2 protein chains.
Amino acid sequence: MIRVGIVGYGNVGRGAEAAVLQSKDMVLTGVFTRRSPESVRPQGDTPVLPVSRLMERGADVDVLLLCGGSATDLPAQTPELAQRYCVVDTFDTHARIPEHFARVDAAAKAGGTAAIISTGWDPGLFSLMRLLGTAILPDGTGDTFWGPGVSQGHSDAVRRIEGVADARQYTIPVQKTVNAVRRGESGFTARQKHTREVYVVLQEGADPQRVARDIITMPNYFDEYDTTVHFISAEEMAVEHSAMPHGGFVIRSGKLGPAHQYDSLMEFKLELSSNPMFTGAVMAAFGRACYGLHARGKTGCFTVFDVPLGLLSPVPADEIRSKLL
Amino acid sequence: MIRVGIVGYGNVGRGAEAAVLQSKDMVLTGVFTRRSPESVRPQGDTPVLPVSRLMERGADVDVLLLCGGSATDLPAQTPELAQRYCVVDTFDTHARIPEHFARVDAAAKAGGTAAIISTGWDPGLFSLMRLLGTAILPDGTGDTFWGPGVSQGHSDAVRRIEGVADARQYTIPVQKTVNAVRRGESGFTARQKHTREVYVVLQEGADPQRVARDIITMPNYFDEYDTTVHFISAEEMAVEHSAMPHGGFVIRSGKLGPAHQYDSLMEFKLELSSNPMFTGAVMAAFGRACYGLHARGKTGCFTVFDVPLGLLSPVPADEIRSKLL
């Protein structure tokens, strides 16, 4: 049994917990939190411990699933914990991946551990699909679309606007552009690829026109998109918009043959009724692979591109070959 | 530059050739054939040599792409050539994969080479998708559908029937069943999953009713399916049915969350206007990976499950991380 610890008990932490409990080859030995441990109530009787315990005394784990955020948690936590434990994270601040990789690699090599960063579905599974697409169809074009689904970052940005009591933002791919990318067209703008739908509960007395304008013109988040704002009641928000669905697809279209005359289309799609539950499930599978890499003597930092995918499965290699190949 | 040799110059061999010529990090150093070398006309000025030359004298190659058939060519060729060369094949006789793996593994270990067997898209890419699906969504169901596309094996089977001058068989997924699998239903029969459409050119004087009956009742190939037979002219066959399109999709639907209450759907789709060209392109990418494994000191037999996918790309690891992760 692989002994797994979960660090951070938010939505993704609960997803990782559920996935570990579904895995017959894993046992959950601890949930580690920065909150007061009594305030955290995991499923079953998993011990809850302060995260500081991990570096002070060591813990009974083979691999840690780091379920904190990329903005402030993971840049410090992943390299620190990699000094002592095999770790898996979901670091997704794209521009900072090279720096994060280098720091985690140094820590893991010094500690004799293995780390897999930037798992989940994007980065993660979608990255693998982009790689397959470009490696097999080098003479081609492609794109990634997200949604329909809730963007946590955009929802949070709207909640910070004055007069907004609550908000939920849905990212929606534009079907016409999706079809054009399937046909091999490229060069689309942000506005052509996705629309944004925002559901807002106003604070008492707030001016809806001003709030709508503040949303639609928000730089980086909304100004490059066609955005629709809907004002709803707190009750409607609770009933209709409490789930966290997401998904998307990676498309690669390319030309093959001596005269580049043959079209090929590769497409990978996800439809998730819960984004954090699926992210946790991907993390658990990469936790198993991280343990497997370390058991084979590998140390240092890895990404999804470095992991033989057979290591994601609890099934032995000969059985995988006879059942899935 | 990776020096690549192609063994067998049929449709897949031509696909592999086109893919190698599209690859900036590969050079095609030879086409090896059992036919008379003068009868083989590759693109450009690639030397054509008898396949026997490979074991007699050795050749100037880093990896061989073995483009023969699984019935008789590869069971002998892959282990023999693996004694001396890094090799990639598309062995697809499912029941014999364990035996083929063992023989190639012994030969490659003895020869200090690396071999990747059963590449292509199924087995190959579809196998990877089945693995991702079962590893990430263990509490789930899924299925693989093929087509719409031409099945070479079924077309050949019809051509062997008395009175048939030419034939082409299309495999077509049943949309209703595809949708049911997406919803998480399972347990479908062969007949529920695919239909078969056969286009036949009759020999002069042949009885169409007898030929149709012989097709529809053929054990293993057609008796478990709903099959439609169309009789057409040789001209219509040449104009409408000379392409070799294929494709299909791998679906995995599963439940996540503490009460298994969250649905997730993973789906991978291929639409190929030329099956052998795409198969050749996948082989070329795995040829690069085979070279990469060997360059890292690995010897023995591998499958798609053992290959870190980053090795499929000619792009260096740090650039893959910054561009595709």
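Can you tell me which residue within the range B:89-112, out of those that are within 14 Å of another protein chain (Cβ to nearest Cβ) and touching a Lys or Arg at 6+ places or on another chain (Cβ under 9 Å), is most open to solvent (accessible area, probe 1.4 Å)? Let's see the steps before the verdict.
Start the filter on the range B:89-112 by keeping residues that are within 14 Å of another protein chain (Cβ to nearest Cβ), which leaves B:89-105.
After this cut, where a residue has to be touching a Lys or Arg at 6+ places or on another chain (Cβ under 9 Å) as well, the list is B:97-98, B:101.
Details: B:I97: 2, B:P98: 68, B:F101: 28 Å².
Going through the qualifying residues, I end up with B:P98.
For the range B:1-48, name all the residues that are open to solvent by 60 Å² or more (accessible area, probe 1.4 Å), away from chain A (no Cβ under 14 Å) and not in a loop (DSSP other than H, G, I, E, B).
B:R3, B:E38, B:S39, listed by residue number.
Take the residues in the range B:174-210 that are farther than 12 Å from B:T227 by Cα and in contact with a His (Cβ under 8 Å, 6 or more places away or on another chain), then tell me which one is surrounded by the most Cβ atoms within 10 Å (Cβ to Cβ).
Within the range B:174-210, the match that is surrounded by the most Cβ atoms within 10 Å (Cβ to Cβ) is B:V200.
Answer yes or no as to whether B:I97 is under 26 Å from B:N275 (Cα atoms), among the β-branched types (V, I, T) and in a helix (DSSP H, G or I). Quick ask: steps written out before the conclusion?
Working: under 26 Å from B:N275 (Cα atoms): yes; among the β-branched types (V, I, T): yes; in a helix (DSSP H, G or I): yes.
When the stated conditions are applied, B:I97 passes them.
For the range A:230-247, how many residues are open to solvent by 30 Å² or more (accessible area, probe 1.4 Å) and in a strand (DSSP E or B)?
Of the residues in the range A:230-247, 3 are open to solvent by 30 Å² or more (accessible area, probe 1.4 Å) and in a strand (DSSP E or B).
Name the residue, out of A:L54, A:L64, that is under 24 Å from B:I136 (Cα atoms) and surrounded by 21 or more Cβ atoms within 10 Å (Cβ to Cβ).
Only one candidate qualifies: A:L64.
Just need a number here: residues in the range B:283-300 that are part of a loop (DSSP other than H, G, I, E, B) and either touching a Lys or Arg at 6+ places or on another chain (Cβ under 6 Å) or of a type in the set (G, A, S) (or both). Talk me through it step by step, then tell me what you get.
Filtering the range B:283-300 for residues part of a loop (DSSP other than H, G, I, E, B) gives B:296-299.
Right, trim to either touching a Lys or Arg at 6+ places or on another chain (Cβ under 6 Å) or of a type in the set (G, A, S) (or both) and you get B:297, B:299.
Qualifying residue count, the range B:283-300: 2.
Six or more apart or on different chains, Cβ under 6 Å: which pairs go from a residue in the range B:259-273 that's under 18 Å from B:S186 (Cβ atoms) and among the acidic types (D, E) to one that's open to solvent by less than 10 Å² (accessible area, probe 1.4 Å) and at pLDDT 95 or above? Could you list them?
Pairs found: B:E267/B:I251.
Scan the range A:131-151 and tell me whether some residue there is outside the structural domain of A:V304 (by TED's automatic domain parsing), within 18 Å of A:D306 (Cβ to Cβ) and out of contact with any Lys or Arg (no Cβ under 9 Å at 6 or more places or on another chain).
Looking for residues that are outside the structural domain of A:V304 (by TED's automatic domain parsing), within 18 Å of A:D306 (Cβ to Cβ) and out of contact with any Lys or Arg (no Cβ under 9 Å at 6 or more places or on another chain), one finds at least one in the range A:131-151, hence yes.
Suppose the filter is under 19 Å from A:G5 (Cα atoms) and either buried (at least 17 other Cβ atoms within 10 Å of the Cβ) or touching a residue at least 60 places away in the same chain (Cβ under 8 Å) (or both); does A:V250 pass it? Don't jump to the end; show me each part of the working.
Numbers: under 19 Å from A:G5 (Cα atoms): no; either buried (at least 17 other Cβ atoms within 10 Å of the Cβ) or touching a residue at least 60 places away in the same chain (Cβ under 8 Å) (or both): yes.
Against the criterion (under 19 Å from A:G5 (Cα atoms) and either buried (at least 17 other Cβ atoms within 10 Å of the Cβ) or touching a residue at least 60 places away in the same chain (Cβ under 8 Å) (or both)), A:V250 does not qualify.
Scanning for something farther than 29 Å from A:G153 by Cα, at pLDDT 95 or above and assigned by TED's automatic domain parsing to the domain that holds A:G111, does the range A:64-83 turn up at least one residue?
yes
The conditions are (1) more than 7 Å from every other protein chain (Cβ to nearest Cβ); (2) crowded, with 23+ Cβ neighbours inside 10 Å, and B:Y291 fails exactly one of them. Which is it?
So B:Y291 meets the others, but not (2).
Right, B:A82: over 18 Å from B:E17 (Cα atoms) and open to solvent by less than 10 Å² (accessible area, probe 1.4 Å) or not? Steps first, answer last, please.
Values: over 18 Å from B:E17 (Cα atoms): yes; open to solvent by less than 10 Å² (accessible area, probe 1.4 Å): yes.
Considered against the rule, which asks whether it is over 18 Å from B:E17 (Cα atoms) and open to solvent by less than 10 Å² (accessible area, probe 1.4 Å), B:A82 comes out as yes.
Go through the range A:301-316 and count every residue that is more than 7 Å from chain B (Cβ to nearest Cβ) and either in contact (Cβ under 8 Å) with a residue 40 or more places away in the chain or assigned to a helix (DSSP H, G or I) (or both). Working first, answer last.
First, the residues of the range A:301-316 that are more than 7 Å from chain B (Cβ to nearest Cβ): A:301-302, A:304, A:311, A:314-316.
Subsequent filtering for residues that are either in contact (Cβ under 8 Å) with a residue 40 or more places away in the chain or assigned to a helix (DSSP H, G or I) (or both) retains A:301-302, A:304, A:311, A:314.
Total meeting the criteria: 5.
Yes or no: A:Y221 in contact with a helix residue (DSSP H, G or I) (Cβ under 6 Å, 6 or more places away or on another chain) and open to solvent by 40 Å² or more (accessible area, probe 1.4 Å)? Walk me through it before giving the result.
Numbers: in contact with a helix residue (DSSP H, G or I) (Cβ under 6 Å, 6 or more places away or on another chain): yes; open to solvent by 40 Å² or more (accessible area, probe 1.4 Å): yes.
It is true that A:Y221 is in contact with a helix residue (DSSP H, G or I) (Cβ under 6 Å, 6 or more places away or on another chain) and open to solvent by 40 Å² or more (accessible area, probe 1.4 Å).
Count, please, the residues in the range B:256-285 that happen to be more than 7 Å from chain A (Cβ to nearest Cβ) and not β-branched (V, I, T).
The total comes to 8.
Out of the residues in the range B:149-173 that are surrounded by fewer than 17 Cβ atoms within 10 Å (Cβ to Cβ) and part of a helix (DSSP H, G or I), state the one that is nearest to the other protein chains (Cβ to nearest Cβ).
Only one residue fits best here, namely B:Q152.
Being open to solvent by less than 10 Å² (accessible area, probe 1.4 Å), away from every other protein chain (no Cβ under 12 Å) and over 21 Å from A:G254 (Cα atoms) is the filter here, so list the residues in the range A:113-148 that pass it.
Residues satisfying the conditions are A:T113, A:A114, A:A115, A:G147.
The values are calculated or read from the model by the stated rules, or taken from the named source; none is laboratory data. On a predicted model such as this, the values are computed, not experimentally measured, just so you know. Here the Cβ is made from the backbone with ideal geometry for all residues, glycine too, and neighbour counts use every protein chain on show. Just so you know, the surface numbers come from the protein's heavy atoms only, side chains and all, with ligands and any DNA or RNA stripped out. Shrake-Rupley method; radii C 1.70, N 1.55, O 1.52, S 1.80 Å.
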